[in-house]
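Here the structure is laid out as structure tokens; the discussion comes afterwards.
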Amino acid sequence: MPRICSLGLLLFTLIIAGLLATNTLYAQRQPVPRTNTPPARTNTDNNQQNTSGKFDRSRFFVEGNIGFNFGGGFGFVSASPVLGYRFTNRFSAGAGPIFEYYRFSSYKGRVLGGRTFARFQAFENLFNTGGNLFLHGQYDFLNYKDNNLYEEKAATAHRLPVGLGYGQPLGRAARFNLMVLYDMLYNRYRNSDIPIYNFGYVYNGFIIQGGVNFGF
């Protein structure tokens, strides 16, 4: 009889111990309840949140060409501003309108269009002067209209100038750019009845562009 009681007591003790162990394991597996207090954010996290997915205003820049010439019965006005953005320290792109007006005696002509471009900085700080050598490519869509031979004519042309350029800083917010490009779509016989197609800054397909770049 005492032996049976001892076995019963041992069995009862094992059951109680098993239940306690089960409750302990179950409690350990329960997820920690969430609190209403969010984790503290560091300054780094705040900066990343403020700039993530947004354009950096300091990376925008404006450049282009503005020119005019009057005298001796000849008149010329040109404006092609461009708004660009530096996606990285080496790669930038942008777009802008094109306007040109020509007048010589009774001849009048004008050009309206648009331009997009991409630019890659190939070599930086040449000769320790801060100047950069870059690759440049652009696409121009142009609409020509003039009164050559006293007859109104209109034509549409596409240009694809590619080439090299050099940029030299002018202080902290400005840069002078000079580019030598070649129009891959040039055809001297195309639109031969509209003289301004082969006039101005185009010479046998070569284009020289220069201007000042201003950052924000």
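The values are calculated or read from the model by the stated rules, or taken from the named source; none is laboratory data. Here the structure is a predicted model, which means the values were calculated and not measured. Cβ atoms come from the backbone with ideal geometry, glycine included; neighbour counts cover every protein chain shown.
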>> Return the residues of segment 156-181 that are loosely packed, with under 15 Cβ neighbours inside 10 Å and of a type in the set (Gly, Ala, Ser); say none if nothing qualifies.
In response: GLY171, ALA173, ALA174
>> Between LEU142, LEU181, LEU126, LEU170, which is farther than 26 Å from GLY73 by Cα and at pLDDT 90 or above?
In response: LEU181
> Say we look at segment 103-123 and pick out the residues that are of a type in the set (Phe, Trp, Tyr) and at pLDDT 90 or above; which of these is nearest to LEU160 (Cα to Cα)?
Replying inline: PHE117
> In segment 140-152, how many residues are of a type outside the set (Ser, Thr, Tyr) and closer than 25 Å to GLY96 by Cα?
Replying inline: 6
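Conditions (1) of a type outside the set (Val, Ile, Thr); (2) in a loop (DSSP other than H, G, I, E, B); (3) within 25 Å of the chain's Cα centre (by Cα), marked per residue:
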position: THR156; (1), (2), (3): no, no, no
position: ARG172; (1), (2), (3): yes, yes, yes
position: ASN177; (1), (2), (3): yes, no, yes
position: LEU181; (1), (2), (3): yes, no, yes
position: TYR186; (1), (2), (3): yes, yes, no
position: TYR197; (1), (2), (3): yes, no, no
position: ILE207; (1), (2), (3): no, no, yes
position: VAL212; (1), (2), (3): no, no, yes
